[in-house]
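These notes are about the structure you will find just below.
The values are calculated or read from the model by the stated rules, or taken from the named source; none is laboratory data. Everything numeric here is computed off the predicted structure, so don't read it as measured data. Every residue, glycine as well, gets a Cβ built from its backbone with ideal geometry; the counts of neighbours run over all protein chains shown.
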Amino acid sequence: MAQKKEKSPKLSIEQIQKQIEQIEVDRKKLEKALKERRTAELVEFAQTLREQIAERGYKADEVIALLTKRRRVTSRKEADSQYTRYVDPENPKHSYVRGPIPRWLKEKMAEAGYDPRNKNHREEFKSTRLNRAT
């Protein structure tokens, strides 16, 4: 038995455009409702967690510290302070902490007969030709 194919009514361009606009309005309303519902559920979830934390005798700050401990981002200055900083004695504006070797350092090493690609050469050059900054 063959099924009859239902024909969709012929719509004008204006009617189709109005339907598309209405769909957009409805989509925006649904997105707003979803955002509001997610926010409400998050608040409810947070309250449940607070209650569970208190029931077990902990403080929320203790738990939060454990949850965020691994995500702590150190500042560039703080990270660099862990490493030795080397300064060019001929030009104090030139300094090197770590990472890619700056051009000025490569040039100085080449002039002195060191290979900047060789780690041992870099270490020797830093210890003999550069000043350690404190």
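What to note about this one:
- Pair list, Cβ < 8 Å and 6+ apart or interchain, from region 14-26 residues that are free of Cβ contacts under 8 Å to residues at least 24 places away in the same chain to residues that are of a type outside the set (S, T, Y) and surrounded by 11 or more Cβ atoms within 10 Å (Cβ to Cβ): Q19/L11
- Per-region count, region 119-134, residues surrounded by fewer than 12 Cβ atoms within 10 Å (Cβ to Cβ) and touching a strand residue (DSSP E or B) at 6+ places or on another chain (Cβ under 7 Å): 1
- Remark: pairs (first residue in region 83-98, farther than 10 Å from R132 by Cα and in a strand (DSSP E or B); second residue modelled with pLDDT of 85 or more and of a type in the set (D, E); Cβ separation under 7 Å; 6+ apart in sequence or on different chains) = H94/D88.
- In region 63-98, the residue that is farthest from T48 (Cα to Cα) out of those that are among the aliphatic types (A, V, I, L, M) and modelled with pLDDT of 70 or more is V87.
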